[in-house]
1. On C-alpha positions alone, give me the angle between the axis of helix B:189-198 and the longest principal axis of chain B, in degrees, nearest 10.
2. Can you give me the % of accessible surface on the protein assembly as shown that is carbon or sulfur? Probe 1.4 Å, all protein chains present, nothing else counted.
3. In percent, what relative contact order does region B:1-116 have, based on Cα pairs under 8 Å that are 6 or more apart in sequence?
4. Computed on protein heavy atoms with a 1.4 Å probe, what is the summed buried accessible area for the chain pair B and A, in Å² to the nearest 100?
5. Can you work out the accessible area per residue across chain A, with the rest of the protein chains kept in place, probe 1.4 Å, in square angstrom?
6. List every residue whose amide H lies under 5 Å from the amide H of B:Val61, counting only residues 5 or more places away in sequence or on a different chain, with H placed 1.01 Å from N in the peptide plane.
7. Can you tell me the 0 to 90 degree angle between the C-alpha axis of helix B:168-177 and the longest principal axis of chain B, rounded to 10?
8. Could you work out how far the C-alpha centroid of region B:176-251 sits from that of region A:143-192, in angstrom?
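The values are calculated or read from the model by the stated rules, or taken from the named source; none is laboratory data. Just so it is clear, the model here is predicted, and its values are computed rather than measured. Here the Cβ is made from the backbone with ideal geometry for all residues, glycine too, and neighbour counts use every protein chain on show. Protein only, heavy atoms only, side chains kept; ligands, DNA and RNA dropped before computing areas. Shrake-Rupley method; radii C 1.70, N 1.55, O 1.52, S 1.80 Å.
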Amino acid sequence: MKSPLSLTVAIVVGIVILIGYFVPSPSLAAIRTPMLNWAMTLAGIASLVAIINLIFGVHWKRLRESGSKQFFSAVVILSFLVTLTAGIFFGPSDSNYQKVVTAIQVPIETSLMAVLAITLAYSSLRLLQRQHNWMGLLFFLSVILFLVINSGVMAFASDIPILQVLLSGFHNVPVAGARGILLGIALGSLATGIRILIGSDKPYSG
Amino acid sequence: MSGFEPLIGILLVISFSALVILFSLKRIRTKHPPVFRKIIAIQKLRRSIGLAVEDGTRIHVSLGSANLIDPSNTSALVGLSSLHRIGQLTSTSDLPPISTSGNGGLLILGQDVLSQISVETNTRELYDPQHAQMTGVTPFSYAVGTMEAMSDSGINANVFIGNFGPEAGLLCDASEGKQAFTLAASDSVTSQSIFYAMSDDTLIGEELFALPAYLAYHSTHQASLRVQDIFRVLVGIVLVTGSILKIFGLI
């Protein structure tokens, strides 16, 4: 153990926040609320540090090195400086500023979403080739089944009581499956939190 | 929140912590050693780590874009533990692992973990803070930046572990394009389904939290895995009992 101080601070703060969640006492809230506000402020500062690191640590460094990616790094730095200057000059809530930023960002992200849709469709077709087991087959059949059910082809089922019950049963299957997965995730999250709380897992040095 | 919920929560946290500490004790571990089922994806990761050391290639760990003040950050914290362990295992290589993320807090923690590894393994001269990067702020910019980072510097394996959205598909596709080994795990149901469809090796559900224990990290990881199993059985029993009681109209 290199620094018991940072570990002690982390454990004490973690315990105070946790107790404050379970015990709604005004005196605990008076300690807990400023701590959570500090955490939010620190997260904001961390984002700023990360952006500066991305621009000056990664792209600026790349500009000074020879390579094919110099042009892209120059575009990134230039775009960043223009956006930053305009943001400081007009303010981030300015409607014209927001319009220009979203007019650039939305089409780019939509194009990426389109690429993703095609990639996913292609991968789904290749799924059986990749997953040579019954789980792969089950996954593939489920995808087909739910695509058919949700496409509206089965709309006539609303007139047939047995089919309606069957379809409603099918609709509950993914919910039950997701619940099972989320239960495991919740227990895993609890375990991770407790490991940090008892100081055995330390994602920070100091 | 009903009157009983805080009490149940406190009891759960205390009993979970007590069991984790109990199972971490050396006496218990030697008397009742943990037995893990085989997870092929993790075995392949271990092989990739060995290959990276032999070939002089690099492992890339992507931590997703979870916010540290959000409940979804636990998957990224598991990613950081895995990064630490992978860094220890590849310490004999000339190329330490690199880490990418979509959040400022994760960048700082990633740099800190890489720095810790270099101190622990006496490889301070190989440490470069730029080996941990925040590649983008929005999910898609993060994905594109990560794809670019993956195209650099001879990576032989990509480990995607953290909170991802649909952009996970682009990452898997890029990794496959580079013919690199891909291990994917997330706490998000959406990205788990995308990973399952697009990656050869996916960790589903709680398997994500088992990764550090399978890589033989701290004894508490193995202990918490055992406690998770115990609690899963208990929750299952409670759910089934509740359903039976509900059927008979007793609750």
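1. Between helix and principal axis, roughly 50 degrees.
2. 70 percent
3. 25 percent
4. Working: alone 13190 and 16050 Å², together 23990 Å².
That pair of chains buries around 5200 Å² in total.
5. About 65 Å² of surface per residue is accessible.
6. Close amide H contacts, sequence-distant or interchain: B:Ile98, B:Ser99, B:Thr100, B:Val159.
7. For B:168-177 against chain B, the angle is about 40 degrees.
8. Region B:176-251 and region A:143-192 have Cα centres separated by 19 Å.
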